[in-house]
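The values are calculated or read from the model by the stated rules, or taken from the named source; none is laboratory data. The structure presented is a predicted model; accordingly, all values stated were derived computationally and were not measured. We place every Cβ from the backbone using ideal geometry, glycine too, and count neighbours over all the protein chains shown.
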Amino acid sequence: MMAVRLPLAGGLVLGLMSLLAANLVSADVKYRVYCANGKIEVDTRTPEQMQRARGEACLLGEFDTRAQAEAAAERRGGSGAPCTCR
């Protein structure tokens, strides 16, 4: 009976550790609002990554949550709205 419980407990501990580790990694994610090729866009990429992916891209704001980034994009007309990098 003990031999069955030990692997089960070990599996639970490893599972919990994995979930905690995943949460720590995602805590560093920043949500950014860009003007990319003349349109508002919300993305998690760095400004350098966006410039490589989209060509013309400028950072308009950086946020801790997607909801904050989406709200900021909405104040500018929403995702897909026209914009300029100035």
> So Ala53 clears everything in (1) of a type outside the set (S, T, N, Q); (2) under 13 Å from the mean Cα position of the chain (by Cα); (3) surrounded by fewer than 15 Cβ atoms within 10 Å (Cβ to Cβ) except one condition, right? Which one?
Replying inline: (2)
> Which condition breaks for Ala36 when tested against (1) modelled with pLDDT under 95; (2) under 18 Å from the mean Cα position of the chain (by Cα)?
Replying inline: (1)
>> Within region 4-14, does at least one residue satisfy the condition of being modelled with pLDDT of 55 or more and surrounded by 10 or more Cβ atoms within 10 Å (Cβ to Cβ)?
In response: no
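Residue-by-condition table, conditions (1) modelled with pLDDT of 95 or more; (2) part of a loop (DSSP other than H, G, I, E, B):
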{"site": "Met17", "(1), (2)": "no, no"}
{"site": "Ala21", "(1), (2)": "no, no"}
{"site": "Arg32", "(1), (2)": "yes, no"}
{"site": "Arg45", "(1), (2)": "yes, yes"}
{"site": "Gly61", "(1), (2)": "yes, no"}
{"site": "Ala73", "(1), (2)": "yes, no"}
{"site": "Gly77", "(1), (2)": "yes, yes"}
> List pairs: first in region 44-72 and closer than 12 Å to Val29 by Cβ, second of a type outside the set (Ser, Thr, Tyr) and assigned to a loop (DSSP other than H, G, I, E, B), Cβ under 8 Å, 6+ apart or cross-chain?
Replying inline: Thr44/Val29; Thr44/Lys30; Glu62/Lys30; Phe63/Lys30; Asp64/Lys30
